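Q: Here it is, the structure, as structure tokens.
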Amino acid sequence: MTPSDYEFLRKLLKERSGLDLSSDKQYLVESRLIPLARRTGLPGLAELVARLRGGADPLTAEVVEAMTTNETFFFRDKIPFDHLSATIFPALVQARANRRALRIWCAASSTGQEPYSIAMSVKEFAGLTGWRVEIVATDLSQAVLEKSKAGIFSQFEVQRGLPIQKLVKYFTQAGELWQLNADIRAMVQHRQLNLLQDFSHLGTFDVIFCRNVLIYFDHDTKVGIFDRLARVLEPDGVLALGAAETVIGITDAFKPYPDKRGLYRPSPARTAATMPALKLVAGAR
Ligand SMILES: C[S@@+](CC[C@H](N)C(=O)[O-])C[C@H]1O[C@@H](n2cnc3c(N)ncnc32)[C@H](O)[C@@H]1O
């Protein structure tokens with residue numbers, strides 16, 4: 001790949017998805033995009049870049065999707081899900097006793113293991129029985145959202161992080177595949193959403209999981225996303241980040257949740273309550 005083609009792709013990916021590729025990731029770009037070029041009937045990467053340089057082309061979205069990393073698994077890192085059941089849900093059940101409704105956003109939800117892990121946690125939390133709990137799963141990639149909606153997972157996927165009791169309780173086996181039962185699938189709404197763009201139309205949330213996506217972005221992109229996340233999180237809401245992610249040194253919009261690694265609270269001056277100019281959608285608060 002020529003240096004100029006690589007620079008073109010780096011800039012395109014940064015603008016479209018936030019992906020911040022360092023100058024030495026040619027191998028990654030080649031390994032993801034040469035197969036895409038061939039599938040599209042193009043001889044190689046040079047021809048693919050020439051098409052993209054030509055301007056508006058549906059191939060651009062495919063290139064952006066091909067460069068996303070969709071690695072995920074059920075109950076990833078375990079601790080955030082333990083916190084959900086032991087700390088977050090009990091506190092919110094008390095705080096929302098009159099409303100009996102919760103909104104949870106799983107941003108960058110990939111193929112569904114994370115939002116469905118949240119759904120299973122909700123289902124098993126007795127204090128939420130009879131509550132209206134909305135779980136909104138969003139991702140940039142339409143392909144992963146389609147897989148998530150189907151709720152069908154391979155033997156390998158269900159063996160990663162999912163306790164056997166939950167497999168038996170919530171899935172139905174179909175040959176070598178496992179499908180999540182309809183009641184759990186129905187708990188999750190899917191929407192395509194790019195975190196670089198405005199997301200105020202989603203309304204406000206009590207819990208936001210935004211895990212293992214910010215690691216791909218540069219400092220300024222993270223600052224902007226944290227700022228906008230703080231505006232859609234309730235003042236007593238909780239943000240969960242991935243194990244390799246933090247707000248420290250990046251933003252003062254959130255503060256670490258005392259003694260709970262990976263969890264953050266909005267800083268009082270930066271929350272939805274102090275930023276009333278949010279557009280709300282039907283069904284959202
Ligand atoms: C590594 S996966 C993380 C999945 C899940 N959150 C977890 O922790 O297991 C990252 C996901 O972020 C999505 N993604 C990447 N850039 C994005 C963007 N700008 N907006 C929304 N989603 C994005 C990718 O499509 C991918 O599904």
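The values are calculated or read from the model by the stated rules, or taken from the named source; none is laboratory data. Please read these numbers as outputs of a predicted model, since none were measured by experiment. A quick note on method: Cβ atoms are made from the backbone with ideal geometry, for glycine too, and the neighbour counts reach across all protein chains shown.
Q: Which condition from (1) within 30 Å of residue 123 (Cβ to Cβ); (2) within 16 Å of the ligand (Cβ to nearest atom) is the one that residue 13 breaks?
A: (1)
Q: For a quick check of your reading of the model, give me the residue pairs whose first member lies in the stretch 71-82 and is free of Cβ contacts under 8 Å to residues at least 60 places away in the same chain, whose second is outside any helix (DSSP H, G or I) and within 12 Å of the ligand (Cβ to nearest atom), with beta-carbon atoms closer than 8 Å and at least 6 apart or on different chains.
A: Within 8 Å, the pairs are 81/75.
Q: Please enumerate the residues belonging to the stretch 21-51 that are under 23 Å from residue 139 (Cα atoms) and either of a type in the set (A, V, I, L, M) or surrounded by 17 or more Cβ atoms within 10 Å (Cβ to Cβ) (or both).
A: Residues satisfying the conditions are 21, 28, 29, 33, 36.
Q: Kindly evaluate residue 92 against the criterion of being of a type outside the set (Asp, Glu), crowded, with 17+ Cβ neighbours inside 10 Å, part of a helix (DSSP H, G or I) and more than 12 Å from the ligand (Cβ to nearest atom). Lay out the reasoning, then the answer.
A: On the way: of a type outside the set (Asp, Glu): yes; crowded, with 17+ Cβ neighbours inside 10 Å: yes; part of a helix (DSSP H, G or I): yes; more than 12 Å from the ligand (Cβ to nearest atom): yes.
The answer is yes for residue 92.
Q: Separate question: Please work out which residue is farthest from residue 101 (Cα to Cα), limiting yourself to the stretch 229-244 and to residues that are buried (at least 18 other Cβ atoms within 10 Å of the Cβ) and within 15 Å of the ligand (Cβ to nearest atom). Outline the logic, then answer.
A: Filtering the stretch 229-244 down to residues buried (at least 18 other Cβ atoms within 10 Å of the Cβ) leaves 229-234, 237-242.
Next, only the ones that are within 15 Å of the ligand (Cβ to nearest atom) stay: 229, 232, 239-242.
Values: 229: 20, 232: 16, 239: 18, 240: 20, 241: 23, 242: 26 Å.
Step by step, filter the stretch 229-244, then rank; the result is 242.
Q: Give the stretch 98-143 a look and list any residue that's under 26 Å from residue 230 (Cβ atoms), in a helix (DSSP H, G or I) and either among the hydrophobic types (A, V, I, L, M, F, W, C) or more than 10 Å from the ligand (Cβ to nearest atom) (or both), or say none.
A: 118, 119, 121, 122, 128
Q: Scan (1) within 11 Å of the ligand (Cβ to nearest atom); (2) surrounded by 14 or more Cβ atoms within 10 Å (Cβ to Cβ); (3) at negative phi; (4) under 15 Å from the mean Cα position of the chain (by Cα) for the single condition residue 212 breaks and write down its number.
A: Going through (1) within 11 Å of the ligand (Cβ to nearest atom); (2) surrounded by 14 or more Cβ atoms within 10 Å (Cβ to Cβ); (3) at negative phi; (4) under 15 Å from the mean Cα position of the chain (by Cα) one by one, residue 212 breaks only (3).
Q: Here is a follow-up. Is there a residue in the stretch 74-86 that is acidic (Asp, Glu), surrounded by fewer than 15 Cβ atoms within 10 Å (Cβ to Cβ), within 11 Å of the ligand (Cβ to nearest atom) and assigned to a loop (DSSP other than H, G, I, E, B)?
A: Going residue by residue through the stretch 74-86, those that are acidic (Asp, Glu) are 77, 82.
So of that shortlist, the ones also surrounded by fewer than 15 Cβ atoms within 10 Å (Cβ to Cβ) come out as 82.
Subsequent filtering for residues that are within 11 Å of the ligand (Cβ to nearest atom) retains none.
Looking through the stretch 74-86, none of the residues is acidic (Asp, Glu), surrounded by fewer than 15 Cβ atoms within 10 Å (Cβ to Cβ), within 11 Å of the ligand (Cβ to nearest atom) and assigned to a loop (DSSP other than H, G, I, E, B).
Q: Looking at the stretch 24-69, which of its residues are β-branched (Val, Ile, Thr) and either touching a residue at least 24 places away in the same chain (Cβ under 8 Å) or out of contact with any Asp or Glu (no Cβ under 9 Å at 6 or more places or on another chain) (or both)?
A: Of all residues in the stretch 24-69, those β-branched (Val, Ile, Thr) come to 29, 34, 40, 49, 60, 63-64, 68-69.
If the condition is that a residue be β-branched (Val, Ile, Thr) and either touching a residue at least 24 places away in the same chain (Cβ under 8 Å) or out of contact with any Asp or Glu (no Cβ under 9 Å at 6 or more places or on another chain) (or both), then 29, 34, 49, 60, 63, 64, 68, 69 are the ones that fit.
Q: State all residues of the stretch 136-163 that are within 27 Å of residue 233 (Cβ to Cβ) and surrounded by fewer than 20 Cβ atoms within 10 Å (Cβ to Cβ); if no residue qualifies, say none.
A: Answer for the stretch 136-163, where residues must be within 27 Å of residue 233 (Cβ to Cβ) and surrounded by fewer than 20 Cβ atoms within 10 Å (Cβ to Cβ): 142, 149, 161.
Q: Could you please give the count of residues in the stretch 155-182 that are on the phi < 0 side of the Ramachandran plot and in contact (Cβ under 8 Å) with a residue 24 or more places away in the chain? Walk me through it before giving the result.
A: Applying the first criterion (on the phi < 0 side of the Ramachandran plot) to the stretch 155-182 yields 155-160, 162-174, 176-182.
Cutting the leftovers down to in contact (Cβ under 8 Å) with a residue 24 or more places away in the chain gives us 157-158, 160, 162-163, 166, 170, 177-180.
So the answer is 11.
Q: Continuing with the same structure: Give the residues of the stretch 204-252 that are in a loop (DSSP other than H, G, I, E, B), more than 17 Å from residue 268 (Cβ to Cβ) and free of Cβ contacts under 8 Å to residues at least 60 places away in the same chain, sorted by residue number.
A: First, pick out the residues of the stretch 204-252 that are in a loop (DSSP other than H, G, I, E, B): 204, 211-213, 217-218, 241-252.
Then drop every residue that is not more than 17 Å from residue 268 (Cβ to Cβ), which leaves 211-213, 217-218, 241-246, 248-250.
If the condition is that a residue be in a loop (DSSP other than H, G, I, E, B), more than 17 Å from residue 268 (Cβ to Cβ) and free of Cβ contacts under 8 Å to residues at least 60 places away in the same chain, then 241, 244, 245, 246, 248, 249, 250 are the ones that fit.
Q: Still on this structure, please answer the following. Somewhere in the stretch 157-175, is a residue of a type outside the set (Ser, Thr, Tyr), more than 16 Å from the ligand (Cβ to nearest atom) and at pLDDT below 95?
A: Within the stretch 157-175, the first condition is being of a type outside the set (Ser, Thr, Tyr), and the residues that meet it are 157-169, 171, 173-175.
With more than 16 Å from the ligand (Cβ to nearest atom) added as a condition, the list becomes 163-169, 171, 173-175.
Still in the list and also at pLDDT below 95: 174-175.
Yes: one or more hits.
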